[in-house]
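**Student:** My questions all concern the structure below.
Each reported figure results from applying straightforward, stated rules to the coordinates on display, with no laboratory input. These figures come from a predicted structure and were not determined experimentally. Backbone-built Cβ (ideal geometry, glycine too); neighbour counts: all protein chains shown.
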Amino acid sequence: MLLQLFEQTLNGIQFGVMLFLIAAGLTLVFGIMNLINIAHGVLYMIGAYICASVISITGSFWQGFLAAIVGALVVGVVIEVLVFRRLYYRTHLDQVLATFGVTMFFNELVRIIWGPTAIYASMPSFLAGHVEIIPGAPFPIYRLTIIGAGLAAGLALYLVITYTRLGMLIRAGASNRAMIDALGVNIKLLYTVVFGIGAALAGFAGLMAGPLLTVESGMGNDMLILALVVITIGGVGSIRGALVASLMIGVIDAMGRSFLRPVFSSFLPQTAADAAAPAIASMLIYLTMALVLIFRPQGLFPPVTR
Amino acid sequence: MPFSAMFFRSQHSIAILVVLVLLAIVPPVAAAFNDDFYVGLATRVLIFAIAAISLDLIVGYAGMNSLGHAVYIGVGAYSVGILNFYGIDNGFVHFGVAILASAVVALFIGASSVRTSGIHFIMISLAFGQMLYYLAVSVNTFGGDDGLRIASHSNFAIGTLKDPIVLYYVCFAILLVVLFLLHQLVESRFGMVLRAIKSNEARVVSVGISPYRYRLVGFVISGVVCGIAGALLANQNLFISPASMHWSRSGEILIMTILGGMGSLSGGILGAGIYVGLEYFLSRVTEHWQAIMGPIIVLVILFANRGVFGMLSAVRRGRK
Amino acid sequence: MKRLLKLGLCIAVLAAPMSGMVQAQEKLKIGVLSTMSGPGGVMGRHHRDGALLALEQLNGKLGGVETALVFGDDQQKPDIGRQVVEGMLKRDGVKFVTGIVFSNVLLAVYDPVISAGAILVAASGGPSEVAGKKCSPQFFSTSWQNDQAPEAMGKYLNDKNIKSVAILAPNMVAGKDMLTGFKRNYKGMIAAEIYTNFTQVDYQSELSQIRAAKPDAVFVFYPGGLGIQFVKQYAQAGLQKQIPLYSVYTQNETTLGAIGDAADGSYEAGFWSPDLKNPTNEAFVAAFRKKFNYNPSEYAAASYDAIRLIDSGLRQTKGNTSDTNAVIAAMKKADFQSVRGQFKFNTNHFPIQDYYLFKLTKSGEGNTFYRKQESLILKGHGDFYATNCAMK
């Protein structure tokens, strides 16, 4: 039982880190530009599609890797210049709806280019295989890689924001937009750069998720909702909050899925437990978010601004 | 204030009147062309117009951007469906329960969410929406995700909603009543306070008004009106499934509200008409219709975010 | 002025399709309602292409009557499906409606089609309600009743004397039906019965539970994208080599391309695969691949058969659709060469057909797997709910 608990915690952490990969870019863009970007899921999807296609043509994982990140970055910058740039000073409602429209367009565009059938995303052979962290329960190396990649991405973001000149500008932009504009910093360019980073992060999340998940049109929709939940719980704009909330949601979700049923059947009749457990398990994430927001309306780690 | 005066006072009076007259003559025109399919499509427009108008009350006037409004469509429709499941076809009971159930659900959701604002309100409304969606999916007795077939239309002592023309005019009448009552509401002191809260909450607090109660009441009224739309939808489709409560549906209602023009109530009619119409006709033209619909939404938000009514008044100003 | 122009443009966009849709009224019209957009859209494409091929091979005529297909997208939303079907019935005057991927859409359009006096030919899945209490003479299925395949798989594992099985499905009505169907014929031990959220993407937690339950086999129902994820993750967890995976409606031509190597060594039960050896099927698969350049699935096959079933009925009535009862009586004979070989209609108009075990096997070309016919599990297998249907 204890081993199982440990194993499910590990599963939860792994899923949580995958969520963080998506949520990081989302919360970064929100934190700096105050933009809630529903189309973040599209960039994730594009990363997965480009990586899978390039690998199937060239056979090289690294070429796919590079192409996916560059591809997501380019698409991100293009939609930033064409559409999102006009949304930074609009209400969150306008942002949600406009980026929802962008999502509709790209989901359909992907179907036009790649067809409606899900495509194959191969796993790099050097990441296949398992390690037995827990005796008797081999854990796929690829999933460990995702944990590593997510934490690395988080660390890189932290280092860039804390120690580089770009990071300094980003921090300045987040805390006082008018001031750095007045200081002669090209804020438009800065925003495009930040959006590009967010897009590249989404592309990275997509290419990492490809071998595990279904690469199909609309694959970003459900993940995006989860990522939104994560950044809301963490405090919108806070990368640290996103990390904590991702892990929290990942673990809560895994626990709910594996232990609600045995727990329920200890005090409910079996049929009632069978019906209630999966229902509650699927609501658990949203229940958590509602509870957090009721007691801490700004999320767990609201960033200090202005 | 008399009904007509209310409309003529508004700057969109002519447009509203034209739209309402056009809507009133849909069934006879469709009958003349022997094409009663359009009555069904127009009924759908009316039902979603009621939903969009109800959402406008909280989005346009109170700044509560709900991304979970489809929940009340579901609550209203499931009220009719579940009562029917137990053999109750009395229309007064149907609509009574639909109103009561939506009020209770809205009160519960509202009580825990109207304190938040901005993105947090969007997300918490989404969270409750998803919870109720999964609840509907999980209850097998009422069809789960497969949905619930409804045996018969709401039966009012004087007749049922079975005849499409009757249903159409009932929806039309309810739309008018809703429009009238909500118009009265937003023009009343209550409505003034709501708008004041939207534009400057701190100032409202400083004059000694608690925004919480006003917002909550507005939220519940909005939910109830949307619940009525749900009960009507159940009567039109004789079917309800959780898909009608999915968050993307809430997004669609929101888009209808914006398309028509926020804070104009009657704009919801245009918004619903344009959205339902575009969806139907574009999807007949190409299976890739979403690639056209998406950019239309983006353009509306970017360049005409005051909706079609906003465009109309801008045209008028341009002429001057 | 610019704004006026914009508004005018909006109205033009709205009005243009209306005028273009006035067509000649002479043709027989068949509505193909399916999920064309969104993640379920791949099934819709199979439906569409299967129907197109059948009509083309019949030279555009069913029962000698010039026929047009009217396609409609239900977006996987029941109320949209209903609205589209009403358009087909009232505006286009279709006499037959076919396609329909999801049971919730089928349930939503069932009443309007039946009460309009049209004939509904389901080209994928049928929920128990339609097969049982709510059956109608105007309904036919050239596909399957949901429970048939899991019943076959249950029987196979039971006959094979597999001691214990872990069974999984998404937490939806079809999922529960599938596992119930499986348990109807499987009498061994159920080591674990797990229902997952149907928007779930990661199954690692369930895979740990399976490993802990130590079953001799795993049986799953994960349609579409869910199945791609599940099978890939099952293989990546190293479980494929330890515990064989048996599935229904999970590993087929709509998903195998994306599943890739992960399908290796698993099994699927069904009434049809491209591999099925009969002349009609071989000709169908070859023609389909030639025309559309991809492998047909059972959705395409059932859609192809649906058009041919309608043709067989109309041939007997000499193209006359006015006497619906005569058309129904003629269709009921199933007097055409089906891609599945011999089959007949049950009292509830669902097929009584053979069920096979397919082994997922690597094909010669590329990395793709196909369903290789392994053995016949059930001959002339009808569905469980026919006894609840009042029709004789």
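**Student:** Distances longer than 18 Å among the Cα atoms of the stretch C:70-216: what percent of all pairs is that?
**Tutor:** Percent of Cα pairs beyond 18 Å in the stretch C:70-216: 63.
**Student:** Here is a further query. Going down the table (C:LYS155/C:LYS290; C:LYS176/C:LYS379; C:LYS134/C:LYS176), which pairs top 29 Å between alpha carbons?
**Tutor:** C:LYS155/C:LYS290
**Student:** How large is the convex hull of the C-alpha atoms of the stretch A:122-252 per residue, in Å³?
**Tutor:** So the per-residue hull volume is 143 Å³.
**Student:** Can you tell me what the convex hull of the Cα atoms of the stretch A:232-273 projects to on average, as an area in nm²?
**Tutor:** Here the figure is 3.4 nm², rounded to one decimal.
**Student:** What list of ³J(HN,Hα) couplings, whole Hz, do you get for the stretch C:126-138 from phi and the Karplus terms 6.51, -1.76, 1.60, once you set θ to phi - 60° and write x for glycine and proline?
**Tutor:** Residue by residue, the stretch C:126-138 yields x, x, 4, 4, 6, 7, x, 3, 8, 5, 9, x, 7 Hz.
**Student:** Still on this structure, please answer the following. Taking the Cα centre of the stretch C:245-387 as the origin and placing charges on Cβ (Lys, Arg +1; Asp, Glu -1), which of C:TYR370, C:THR280, C:SER266 is farthest toward the positive end of the dipole?
**Tutor:** Farthest along the dipole direction, towards plus: C:THR280.
**Student:** Report, as a whole number in µm² per second, the diffusion coefficient that Stokes-Einstein gives for the stretch B:122-165 at 10 °C and 1.306 mPa s using the Kirkwood radius over alpha carbon pairs.
**Tutor:** The calculation lands on 122 µm²/s.
**Student:** Projected area of the stretch C:244-392, taken from the Cα convex hull and averaged over every viewing direction, in nm²?
**Tutor:** So the mean shadow area of the Cα hull is 10.3 nm².
**Student:** A follow-up question, please. Given that compact globular proteins tend to follow 2.2 N^0.38 Å, what is the ratio of the alpha-carbon Rg of the stretch A:43-184 to that value?
**Tutor:** For the stretch A:43-184, the normalised Cα radius of gyration comes out at 1.36.
**Student:** Using only Cα atoms, locate the centre of the stretch A:242-306 and the centre of the stretch C:331-362, then give the distance between them in Å, rounded to an integer.
**Tutor:** So the separation of the two Cα centres works out to 45 Å.
**Student:** From zero up to wherever the largest Cα-Cα distance of chain C sits, split into 20 Å bins and tell me the percent of pairs in each.
**Tutor:** For chain C, the pair-distance distribution reads 28, 55, 16, 1.
**Student:** Mind checking which of C:LYS160, C:LYS333, C:LYS29 has the largest fluctuation in a GNM of chain C, springs on alpha carbons under 10 Å?
**Tutor:** Highest fluctuation among the options: C:LYS160.
**Student:** Nothing charged except the Cβ atoms of Lys and Arg (+1) and of Asp and Glu (-1): what's the magnitude of the dipole of the stretch C:74-140 about its Cα centre? Round to the nearest 20 debye.
**Tutor:** Value, rounded to 20: 100 debye.
**Student:** D for the stretch C:82-163, whole µm²/s, Stokes-Einstein with Kirkwood Rh over alpha-carbon pairs at 25 °C and 0.890 mPa s: what number?
**Tutor:** Answer from the Stokes-Einstein relation: 177 µm²/s.
**Student:** Mind checking which lysines have their C-alpha under 18 Å from C:LYS90, skipping anything on the same chain fewer than 8 residues away?
**Tutor:** Cα-Cα hits under 18 Å: B:LYS162, C:LYS27, C:LYS29.
**Student:** A further question follows. Just grab the label-to-label distance for C:SER363 and C:ARG289, each label 7 Å out from Cα along the Cβ direction, in nm (one decimal).
**Tutor:** 0.5
**Student:** So the label point goes 7 Å from the Cα of B:PHE303 along Cα→C-beta, right? Which residues of the stretch B:265-297 then have their backbone N under 13 Å from it?
**Tutor:** Residues B:295-297 fall inside that zone.
**Student:** Test of understanding: ordering B:MET123, A:MET283, A:MET45 by Cβ neighbours within 10 Å, fewest first, what list do you get?
**Tutor:** With the sparsest Cβ surroundings first, the list reads A:MET283, B:MET123, A:MET45.
**Student:** Something else: Specify which residue in the list A:SER246, A:GLY136, A:ALA118 is farthest towards the positive end of the charge dipole of chain A, using unit charges on the beta carbon of Lys, Arg (+1) and Asp, Glu (-1), about the Cα centre.
**Tutor:** Ranked along the dipole, the leading option is A:SER246.
**Student:** Can you give the charge dipole size of chain B about its Cα centre, rounded to the nearest 20 debye, using +1 on the beta carbon of Lys and Arg and -1 on the beta carbon of Asp and Glu?
**Tutor:** 1260
**Student:** For the protein assembly as shown, what Kirkwood radius comes out of the mean inverse Cα-Cα distance, in Å?
**Tutor:** Its Kirkwood hydrodynamic radius stands at 29.5 Å.
**Student:** Over chain B, one equal point on each Cα, no solvent: what is log10 I(q)/I(0) by the Debye formula at q = 0.11, 0.12, 0.16 Å⁻¹?
**Tutor:** Results for chain B at q = 0.11, 0.12, 0.16 Å⁻¹ read -0.68, -0.82, -1.47.
**Student:** Take the Cα radius of gyration of the stretch A:1-125 and divide it by 2.2 N^0.38 Å, with N its residue count; two decimals is plenty.
**Tutor:** 1.25
**Student:** Taking neighbour Cβ counts within 10 Å as the exposure measure, how do C:THR347, B:THR116, C:THR67 sort from fewest upward?
**Tutor:** Taking fewest neighbouring Cβ atoms as first place, the list is C:THR347, B:THR116, C:THR67.
**Student:** Select from the stretch B:71-115 those chymotrypsin sites (Phe, Trp or Tyr not before Pro) which occupy a DSSP coil region and have at most 10 other Cβ atoms within 10 Å, ordered by residue number.
**Tutor:** In loop regions of the stretch B:71-115 (DSSP not H, G, I, E or B), the sparsely surrounded chymotrypsin sites (Phe, Trp or Tyr not before Pro) are B:TYR86.
**Student:** To make sure I understand, if each residue's beta carbon is the centre and we count other beta carbons within 10 Å, what order do C:GLU268, B:GLU252 fall in, fewest to most?
**Tutor:** Neighbour counts put them in this order, fewest first: B:GLU252, C:GLU268.
**Student:** For the stretch B:35-170, with equal point scatterers placed on the C-alpha atoms only and solvent neglected, what are the log10 I(q)/I(0) values from the Debye formula at q = 0.10 1/Å, to two decimals?
**Tutor:** The Debye formula, applied to the Cα set alone, gives -0.39.
**Student:** Here is a further query. Out of C:TYR156, C:GLY238, C:LEU89, whose Cα points farthest toward the positive end of the dipole of the protein assembly as shown (charges: +1 Lys, Arg; -1 Asp, Glu; placed on Cβ)?
**Tutor:** Of C:TYR156, C:GLY238, C:LEU89, it is C:LEU89.
**Student:** Given +1 on the Cβ of Lys and Arg, -1 on the Cβ of Asp and Glu, and no further charges, what dipole in debye does the protein assembly as shown carry about its Cα centre, rounded to the nearest 20?
**Tutor:** 1920
**Student:** Further, regarding this structure: On each of the three principal axes of the Cα atoms of the stretch B:113-254, give max minus min coordinate, whole Å, ordered largest first.
**Tutor:** Answer, in whole Å and largest first: 54, 36, 23 Å.
**Student:** Also: Mind listing P(r) for chain A? All alpha-carbon pairs, 10 Å bins, whole percents.
**Tutor:** Per 10 Å bin, starting at 0, the Cα pair percentages come out as 6, 26, 33, 23, 9, 2, 0.
**Student:** For the stretch C:28-91, just the Cα atoms, rotate onto the principal axes and tell me the three extents in Å, largest first.
**Tutor:** Cα extents, longest axis first: 35, 27, 10 Å.
**Student:** How big is the stretch B:210-314 along each principal axis, measuring the range of its Cα positions in Å and listing the largest first?
**Tutor:** 48, 41, 20
**Student:** Taking only the alpha-carbon positions of the stretch A:80-143 and ignoring solvent, what does the Debye formula give for the base-10 log of I(q)/I(0) at q = 0.17, 0.21, 0.25 Å⁻¹?
**Tutor:** Computed log10 I(q)/I(0) values: -0.75, -0.85, -1.02.
**Student:** Per residue of the protein assembly as shown, what 222 nm ellipticity follows from adding -39500 (n - 2.57) for every DSSP H run with n ≥ 4, rounded to the nearest 500?
**Tutor:** Only helices count here, giving -20500 deg cm²/dmol.
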